[in-house]
Each structure stands twice: as C-alpha cells, then as structure tokens.
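In what follows, a single structure is set out as structure tokens and then discussed.
The values are calculated or read from the model by the stated rules, or taken from the named source; none is laboratory data. No experiment lies behind these values; they were computed from the predicted model shown. Here the Cβ positions follow ideal geometry from the backbone for every residue, glycine too, while neighbour counts run over all protein chains shown. Side chains included, ligands, DNA and RNA excluded: accessible areas come from the protein's heavy atoms. Shrake-Rupley method; radii C 1.70, N 1.55, O 1.52, S 1.80 Å.
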Amino acid sequence: MSQSITLAAEAPDAAVAAVTAAATETRAPAFALSAPFRAPSLAASLARFLPAWESLLLWAVLIAAWQISSYFIDQTTNPLLPAPRIVLDALWDSLPELWKGTVSSFFILVPGYALAVALGVLLGLLAGLIPGLGRAAFPFAKVVAPVPPTVYIPYAIAVLPTFHLSATFVVFIGAFWPVFQNAAAGAHAVEKRYRDNARVLGFSRLETLVRVIFPASLPHIFSGMAVGLGFSFILLTVAELFGANAGLGRFVQYYADFADYPRMVAGILYTGLVTWLAMTGLDKLRHRALFWLR
C-alpha cells in the first residue's frame, strides 16, 4: 500500500519532467534552424540609407579628379577646364538666364515629342495589328529610320517658315521612329491566344487595340519613349546651335563663342541635369503605369 502511494506521489513529478523534456525537444530544432546573428555589412547599410550610393560615389570620384586636375592646369594659358568652384559660381549667376532657356527649349521639345509619341504609338500598333499595313510600313521604316535626323536640320530651317517649326519637326523625326518601331514590336509580341480570346468575346478591332494590344505593348512602348526622349534632347540642342535666339543649346554656343568657358561648362552640366530629370520623370511614369511588372 505504501509503495502504491509512493508511486502515485512520484507520478506528477514524472509527468512534469516528461512534458518539460518534450517542450525542450520541440524548441530545440527552432534554435538549431535559426541563422546566426550577423551584423549588417557597410554596403547593406549604405544601400538602406542611400539607395544610389554607388552613383554618388562615382560622382564624388569624378568631381575630385576634376578638382585635382585643375591644380595642374594653368588657367591663364588653358582656361578650357575651369575648376569646379568657378563653374559652380558661374552656374549660380546664370540660373535666371538658364531658366529662360529651359522654357524656350521646352516650347520646342514638348510639342515635337508629344506628337511623335502619339503618332508613333498609334501607327506602330496599327502596323503590328494589321498585316497589310505592316508589310507596307516596315520596309519604308528600314530605309528611313536609320538616317540620322541631324541631316534634316539645315533643310528644315531652309524650308519651314520659322525656326520654332523647323526645330519642332526635327525633334519629332528623332523621337517618332523609336516609338513607332517599339510599338510595332510590342504589338507583334502579343500572343495570338489573347487576340483569339478577344474575338471570341466579341471585341471589335478598335476594342482589341485599346483593351488588349495597347496594354500588352506598354513595356515596349515605354522603351521606345525613353530612346525617343534621349534623341529629342540631342536634336533639340543641335538645332539650337544653328539659328536659335534662346534655349539651352544657344546658351552653350553663345558663351563658347565669347570664350566664357565657366558659363559654357555650367550650361553643359545644367543641360545634363534637365535631361536626367526628364528621363527620371518618364521612368517614374513607367513604374506607375506598369504596376503589374513590379
């Protein structure tokens, strides 16, 4: 009887021990599988607080090399590469004039580029959707598109009544062909089953173009828009070198003619900044429009 009481008294302790052992065995794999703690690397920390730190580092290296090289160049005999501080002062003093030039340039750039995007997307999608139109347009594009648009500048200035129209035309030609070709490639890339499904659902050709072909072609279209925007800035600047009274290209050419190299370099850097802002804005628009590719 006493032995039975003793075993009964020891039973709860044994049960507690068994439960404790089971819990320990259950938790052990979690501790075993957990990765060892590692301090974040310097690159990871920089990427967290400065997402584009590599680009900033590259710019810092280039500006430092520019500054160092200015120490070894006699500015009195060779003023073509002024020091960064001199260029920065010239840029600050020229901001009102540069802003007026930016407005003048965008009055040429925006209409030409917008018209090129509108017609390029429409005609490119139609050429990709309608076989007969594609067979007519693609051989013509292969001949005309590779011609450098800069060759049209003197002719456009001579034929069109104003410089504004001629420069807008040149910007339009430079941006149109990349948009057209990429839109047509995007339309060709749409799988046939999507078109068949649209036909089964009773979509007209216009509805298929708007609701199926156009959304599916947007990645190609934005690629063409990016290339066309880069060409537009190049051609705009070149056109302004010929006969503009204002604009970013005219600013650089004017001060180069008077050997004011600090302002000339400041104009080049400012034009690069404006181009970068425009390209970044287009990339942000692409990111928002193509939300399904994130």
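What to note about this one:
- Residues that are aliphatic (A, V, I, L, M), assigned to a helix (DSSP H, G or I) and either closer than 14 Å to residue 243 by Cβ or at pLDDT below 85 (or both) do occur in region 125-132, at least one of them.
- Whether a residue is at pLDDT 90 or above, within 30 Å of residue 125 (Cβ to Cβ), surrounded by fewer than 18 Cβ atoms within 10 Å (Cβ to Cβ) and of a type in the set (A, V, I, L, M) was assessed, and residue 229 does not pass this test.
- For region 259-280, filtering for residues that are open to solvent by 40 Å² or more (accessible area, probe 1.4 Å) and either under 15 Å from residue 165 (Cα atoms) or touching a helix residue (DSSP H, G or I) at 6+ places or on another chain (Cβ under 9 Å) (or both) leaves 6.
- Residue in region 151-169 that is closer than 22 Å to residue 290 by Cβ and within 30 Å of the chain's Cα centre (by Cα) present: no
- Residues that are open to solvent by 10 Å² or more (accessible area, probe 1.4 Å) and modelled with pLDDT of 90 or more within region 216-226 comprise 218, 219, 220, 222, 223, 225, 226, listed in sequence order.
- Members of region 236-250 that are surrounded by 14 or more Cβ atoms within 10 Å (Cβ to Cβ) and either at pLDDT 90 or above or not in a helix (DSSP H, G or I) (or both): 244, 246, 247
- Scanning region 182-194 for residues that are under 17 Å from residue 115 (Cβ atoms) and open to solvent by 40 Å² or more (accessible area, probe 1.4 Å) yields one hit, 182.
- All positions within region 143-162 that are of a type in the set (A, V, I, L, M, F, W, C) and either in contact (Cβ under 8 Å) with a residue 12 or more places away in the chain or part of a loop (DSSP other than H, G, I, E, B) (or both): 144, 145, 147, 153, 156, 157, 160
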